[in-house]
1. Starting from 0.36 nm per residue, how many nanometres of slack lie between N226 and D66 once their C-alpha separation is accounted for?
2. In µm²/s, what is D for the stretch 124-172 at 10 °C and 1.306 mPa s, where D = kT/(6 pi eta Rh) by Stokes-Einstein and Rh is the Kirkwood radius from Cα pairs?
3. Out of the trypsin sites (Lys or Arg not before Pro) in the stretch 166-268, which ones are loop residues according to DSSP with at most 12 other C-beta atoms within 10 Å?
4. Once label points are set 7 Å from the Cα along Cα→Cβ at both I16 and K123, what is their separation, rounded to one decimal in nm?
5. Please arrange S188, S219 by counting, for each residue, the other beta carbons lying within 10 Å of its beta carbon, fewest first.
6. From the backbone phi of the stretch 202-210, what are the Karplus-calculated ³J(HN,Hα) couplings (6.51 cos²θ - 1.76 cosθ + 1.60, θ = phi - 60°) in whole Hz, Gly and Pro given as x?
7. For the residue pair V35 and S246, what label-to-label distance in nm results when each label sits 7 Å from Cα along the Cα-to-beta-carbon direction?
8. Most exposed first by the Cβ proxy, i.e. fewest other Cβ within 10 Å, how do K53, K25 rank?
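Only the coordinates and a few stated rules stand behind these numbers; no lab work does. Remember, it's a predicted structure, so these values are computed and weren't measured experimentally. Because the Cβ atoms are built from the backbone with ideal geometry, glycine has one as well, and the counts that use them run over all protein chains shown.
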Amino acid sequence: MKLNTENVTNYAETFIKVLIDYSPKLISAFLILFVGLYAIRIINRLIRKLMVKRELDPTLANFLSDFLLWALRVLLFVTFISKLGIETSSFVAILGAMGLAVGLSLQGSLSNFAGGMLIILFKPFKVGDTIEAMGVSGTVSEIQIFVTKLINGNNQTIFVPNGSLSNGTIINYSLQGIRRADLTLSISYDTDIKKAKDLITEVLNNNPKVLKTPAVEVSVKLLTDNSIQLAVRPWANNADFGSVSSDTLESCKQAFDTAGIFIQPFLKEVSKNN
């Protein structure tokens with residue numbers, strides 16, 4: 001096959017002419033791209049510093065800065081292809097269709113995303129709080145966009161979906177700073193109630209971790225068939241709650257032993273027919 005040098009020359013001249021005509025658009029498009037990426041990085045850094053200076057919640061600050069970063073990148077990309085001469089209307093329509101399809105297939109994830117936004121904005125709890133929700137309890141270690149991470153007493157990590165968490169009941173044990181322990185001690189009917197209550201009150205007053213205000217409460221809770229149940233309700237700081245509960249039970253048992261008061265065990269009634 002014989003090569004036609006005249007055609008090759010014509011093609012080369014046409015290519016060079018198109019390249020010369022198109023080069024200003026190409027150069028300006030890539031210039032916008034590189035300058036835009038650099039500017040986005042600077043803007044994102046300034047926004048992060050501003051949110052830290054305003055003492056914004058770290059979780060919310062990270063989310064807003066990441067959202068702004070990707071929004072600016074998408075805007076820059078649309079500007080870049082528009083500068084190249086590519087029609088953006090059809091491109092935007094394709095993105096919209098893709099977004100609709102992805103949204104329909106990820107309804108659960110979008111629900112969790114919306115729940116994460118509600119948690120971040122309204123702050124029913126924060127990192128470090130001890131909460132109970134969705135049948136689990138633990139200390140909040142991280143609030144992510146889709147899930148909240150809890151660490152329970154066994155050092156197990158629990159991931160709770162934000163969609164269910166934001167729509168359910170949340171018990172925040174850390175919000176008020178102090179907690180009340182609800183303990184029960186059972187004594188026999190032969191025991192002097194006043195003496196038992198005085199001993200318990202003395203035990204609570206001698207514990208430095210028990211708060212003086214609000215005042216402790218020792219009262220008769222219930223009269224059962226075989227015992228008198230006393231309600232013991234001391235208040236403590238959140239950090240001391242566990243030790244106050246266990247120390248109160250141990251010290252009350254020791255005080256009862258010294259005073260000759262016996263804690264009445266629980267007796268289960270059994271039918272004679274059985």
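1. 51.2 nm
2. 152
3. Here the trypsin sites (Lys or Arg not before Pro) that fit, given the DSSP loop and packing criteria, are K212, K268.
4. Label at I16, label at K123, 6.8 nm between them.
5. S219, S188
6. Per-residue couplings from phi come out as 5, 4, 5, 5, 7, 8, x, 7, 7 Hz.
7. Simple spin-label model gives 6.6 nm for this pair.
8. Lowest count first: K53, K25.
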